[in-house]
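The values are calculated or read from the model by the stated rules, or taken from the named source; none is laboratory data. Because the structure is predicted, anything quoted here is derived from the model rather than measured. Every residue, glycine among them, receives a Cβ derived from its backbone with ideal geometry; neighbour counts consider all protein chains shown. Ligands, DNA and RNA are stripped out before the accessible areas are found, and what is left, the full protein with its side chains, is counted by its heavy atoms. Shrake-Rupley method; radii C 1.70, N 1.55, O 1.52, S 1.80 Å.
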Amino acid sequence: MLDFPHSDRDLSNLFCHRYKNIIKSVYDLCLYRVCKPSFAVDMKLRSILYLSLLVSLTSCFEIIEEVELKDDGSGSYEYTLNVSQSRTKLDQIMRLDSINGYKVPQKTDLKKPLEELIAKSKEISGISNVSKVEDFENYIFSFSCDFKDIDALNRLVAELRRASNDKRTDIPEVHFSYDASSKRYVRNGDYTIKADFGKMKEADRVIFDGATFTSIFRSDNELTSFSNDNARISPNKKALMLRMDVLDLMHEKVSMGNTIHLQ
Amino acid sequence: MRSISTLLFALSFLFSVSVAFAQNGLPQIPEDAFFVSRISGASIQSKMSIAEMEGLPVFKSMFEKGLTKAQMSSLADSGIDYSADAYVFAQKNDSITNLCWMLPLADLEKFKSTILLEMGMDAAIEPPYTKNELTIYWNEGAAVFVTGWVNDSYVSMNVDRIKETYEFDVEEYEWEDSYGLEEAVPMPEYDIEEETDRSEAYREELNEEIEAIEDTYEEIEVIEDDYGNWEIVEEEVVEDEYSSGYEDAEAYEEYDPYAYDYGYNDLSWSEKKQLAQVWQSQWTNDLIETVGSPVLLSTASHMQVAASSADACAYFDYSTYMDLMMSEVMGQGMMPMGGMYSSLFNNMAGLTEGASLFSEIEFEEEEIVWDMVYTTRGKAAEMQANMLDAKLSKAYLKYMNSSDMIGFYTTAINTEATLDYYAEIVSSYLGGVSMNELAGEVSADLISLVIDEEAIAELFPGSLVITFSDLSKRMIEYTTYDYDENWNPTEITREKEEILPTFLAMMQTERSELVTKMLKLASMQEEVVETDFGFQVNGGPFPVYLMVKGGMLFVGNDLNQLNDIRQGRFKAGLSSDHKKAITKNNLAFFFDANELIEDMELEFPNGEMADMIGFAKGKADRMMITSALLDENRSFMKAVIDVPEGEANGWSYMMHMFNSFFEMEQGY
């Protein structure tokens, strides 16, 4: 169980703002593509991108989520946000003080919250070996950890949501599940983001043009079946890749959900 | 109400430039109106018929869904005479500023059964009729809509008297509450000396120290040491009015500890609205007494509006407008700040005394032409004439080619004259801020000592040209992933093509060697890097090059272009209209939207951006803005927008654009 000796307000003071800032920063950085979009980064949109950090939603950018599951239900998780394709535009933005009324964060502004995020993750029971990669030259950011059981990942998401004061009730509590007896792994894809995406201004939606989301699942055991038609299995049958356009995901034309049976 | 507002806006849009003849039913426009505009209905109708406009979805939608009480299937059902002229004017007096629309009517009964009905007025109501901040008058020939807003300065100086004279509704003022006044209440007069004493007392009260607002709370800070151990530190934090009491930084950003509560010596928003209703209705009563007057416009300035043959024209008395601004600023509590802003505006108002703007729009077949002439007097005229006493050197033309350019911006001012006046303006400002004229004079002299206007004018005489050429392509590298057969990713580097707008900025100088030395100094600071042809900005998302040649500083991002200039291979060639715009004016701005859109299609071939480009394609063409001195008192600005192919004329183009935006908004 996670031990929180502090009040919600303290957590809020400590993380909410900074976590919101990092999401907002990365979100803003990702979203700026053409001259002068006017966009409002509200909490729902931040939540979308916040979720993307963990559930791999995230021209322009690539999000890669890798889950490796061992026979005993433990495993490793890695999430990567690669905005390298927009590197030149991001370089331009980073030279500004502000854009569209929002202060442009400097590298130091981004590093500290990332470190705090890592620290927070270390506290969650069942999560270990937490590490990060920050490449501010190519704008590639990565988070990885080991988990003792798949529920630990759900606890990680829940805690990060709590820390960022995300009170949305339409986001499921369980993003990953694994039933050792039936050897069934489920990646939840039940996220209602179409409505929120529809509320975005057109100029902001274009940011997602060309963005991709890739989910890779690996197991010690061979995969016997999977439910998502868009997934492709490796020749050794121990890995599954699901690659989608983020726009299709936003329009709910495709889903990241997948039920995988293992041998 | 939104529907009627939309309808009125659309109708005003149709009539937005109007004339000054005395038409039946219209009252006379007051002599002291500071803004008068006329729309020539007949001229507009000749550009696009009513039937054609009604066919546009924006109007159809208004008829079908926009009205809640009235039934309209055509614009003619409104009863308005679209072939006659309509007016808009604004007039200011000490207490209230009024804005008035005057629409000619063809059929009063239709007007009553549509517009008035939609506004909630049944046929039994007699004019003039006041509902909240709008007063409406109508007769067989015209409908007059008046809205007004009280001048804050007047209110703040007379608030006690106003409160004694009027009984305000304490409830929140709603549109449905008011059904007109039975009797107009006269505007109060005031004694200037008494008001001055009142203001002094008010100022003293405001100068009292603001009582501190305090709050305390416990803040818990968590500190982590190098070993990952957490330490909790508790401390008591005392907040005052200068520190944030907000956890949410966004709310804090909105919080203004220096915001002044004007409620103490002011009326509430609701009270001001009620007061405006009273005063504006009385003003309207006076106005409609002039209905039937043989002339509509009685001053020489206003008669320009009558004499113009343009589709739309307007006269704006800038001097009166600045008076209004100044009094509003003073009324909003600036007087207690030692009169800083009042002095500033006094001086600014001095520069705008007697100034006016006259503007005409013509919706021609091939272009929309918008002319503005700014007239000024006295010191301002002298300043304007001297600062704009400059023309762009023809040397710039050697580095411009019309066929390559998407756009350009050129400007030519007299640097020496500008800096001379700069000292004067700073002196006025500082003198006002410090309320010490001597301080202002000393500031001006010190500035003049420090700034050598002549030397600076040699360094940069005051001309600048920036050109934007076709978007150029460049390859950039980025990191992505390759996957083996078992989906193990490997980082790889790929290239992609990016479009970059090519720009070239040029600035003439008579001190080339000084400019070069400044750049060398910058290279020592590693801000720029010296190269074989000049300099390059250090770092940055894309390369920017600098070069000094032939008395000109060049800054650009296309090395090939700069090399051509350096080696004398640049192929210059300006079209006659570009050349004329650049050489004959102090300012010229040109932009070819069509050219830009075609280039952007390459960058965004699909996706939602492509849809936006598709929307814009064919809807925009070239635009040219020029500005120059006309004579010692007048300057002009002219904007010419080309009408895209397929459009009959400028008016038709504007209406179709209006409709396109409506359709895009509605998701058609």
Phi-based couplings in Hz for region B:293-299 (Karplus 6.51, -1.76, 1.60; Gly and Pro marked x): 5, x, 10, 8, 10, 10, 10
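In the P(r) worked out for region B:355-459, what percent of Cα pairs fall beyond 24 Å? Please report the intermediate quantities before stating the final value.
On the way: 2767 of 5460 pairs.
It works out to 51 percent of all Cα pairs.
Given a Förster radius of 60 Å and the C-beta distance between residue A:108 and residue B:391 as r, what FRET efficiency does 1/(1 + (r/R0)^6) yield to the nearest 0.05? Intermediate values should be presented prior to the final figure.
On the way: r = 50 Å, r/R0 = 0.83.
It comes to 0.75.
Can you tell me the mean projection area, over all orientations, of the convex hull of region B:477-575's alpha carbons? Units nm², please.
9.9 nm²
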State the extension gain, in nm to one decimal, for the chain segment bounded by residue B:542 and residue B:525, taking 0.36 nm per residue of separation less the distance between their alpha-carbons. 4.2 nm
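Return the FRET efficiency for the residue pair residue B:73, residue A:248: r is the Cβ-Cβ distance, R0 is 35 Å, and the value is rounded to the nearest 0.05. Could the numbers behind the result be given before it?
Numbers: r = 44 Å, r/R0 = 1.25.
The formula returns an efficiency of 0.20 here.
Roughly how much accessible area, to the nearest 100 Å², goes out of reach of solvent when A and B pair up, both sides summed, probe 1.4 Å?
Chains A and B together bury approximately 3500 Å².
Counting Lys and Arg as +1 and Asp and Glu as -1, what is the net charge of the other residues whose Cβ lies under 14 Å from the Cβ of residue B:391?
Values: positive: B:394, B:579, B:580, B:584; negative: B:389.
Spelling it out: positives minus negatives among the neighbours equals +3.
Between residue B:532 and residue B:99, what length comes free when the chain is fully extended (0.36 nm per residue of separation minus the Cα-Cα distance, one decimal in nm)? Don't jump to the answer; show the numbers that get you there.
Working: separation 433, 0.36 × 433 = 155.88 nm, distance 6.38 nm.
Between residue B:532 and residue B:99, full extension yields 149.5 nm more.
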Along each principal axis, Cα extent of region B:280-320, largest first, Å: 32, 27, 19
Can you sort B:374, A:77, B:399 by solvent-accessible area, 1.4 Å probe, largest first? B:374, B:399, A:77
Which loop-located trypsin sites (Lys or Arg not before Pro) does region B:562-668 contain, where loop means any DSSP state but H, G, I, E or B and the Cβ has at most 16 other Cβ atoms within 10 Å? B:569, B:571, B:617
Given backbone amide H placed at 1.01 Å from N, residues whose amide H is under 5 Å from that of residue B:573, ignoring those fewer than 5 places away on the same chain, are B:400, B:401, B:402
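Relative to the present Cα-Cα distance, how much length would full extension add between residue B:610 and residue B:598 at 0.36 nm per residue of separation?
Details: separation 12, 0.36 × 12 = 4.32 nm, distance 1.10 nm.
Length gained between residue B:610 and residue B:598: 3.2 nm.
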Could you give the nm distance between label points at residue B:563 and residue B:51, where each point is 7 Å from its Cα heading toward the beta carbon? 6.3 nm
Viscosity 0.890 mPa s, 25 °C: Kirkwood-radius Stokes-Einstein D of region A:109-263 over Cα pairs, µm²/s: 139 µm²/s
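Based on the Cβ-Cβ distance from residue B:365 to residue B:476, what FRET efficiency comes out when R0 is 51 Å, to the nearest 0.05? Before the final figure, lay out each step's value.
Details: r = 45 Å, r/R0 = 0.88.
The value I calculate is 0.70.
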Taking the C-alpha atoms of region B:90-162, convex hull volume expressed per residue in Å³: 99 Å³
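Students often get this wrong, so check it: of B:520/B:549; B:398/B:579; B:69/B:112; B:92/B:273; B:60/B:619, which have C-alpha atoms separated by over 19 Å?
Beyond 19 Å between Cα atoms: B:60/B:619.
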Test of understanding: extend the Cα→C-beta vector of residue B:485 to 7 Å, then name every residue of region A:207-248 with backbone N under 19 Å from that spot. A:217-224, A:232-242
If I model a spin label as a point 7 Å beyond the Cα along the Cα-Cβ vector, how far apart are those points for residue A:220 and residue B:494 in nm? 3.5 nm
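Output the Kirkwood hydrodynamic radius of region A:203-252, Cα pairs only, in Å rounded to one decimal. Could you put the intermediate results ahead of the total?
Values: mean 1/r = 0.0815 Å⁻¹.
Its Kirkwood hydrodynamic radius stands at 12.3 Å.
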Using label points projected 7 Å from each Cα along Cα→Cβ, tell me how many nm separate residue A:229 and residue B:303, to one decimal. 8.0 nm
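Let me check I've understood the local charge: for residue A:197, count other residues with C-beta under 9 angstrom from its C-beta, Lys and Arg +1, Asp and Glu -1. What total comes out? Don't jump to the answer; show the numbers that get you there.
Working: positive: A:194, A:199, A:205; negative: A:196, A:252.
Charge balance in the 9 Å sphere: +1.
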Total formal charge among the other residues, if their Cβ is under 11 angstrom from that of residue B:299, Lys/Arg +1 and Asp/Glu -1: -3
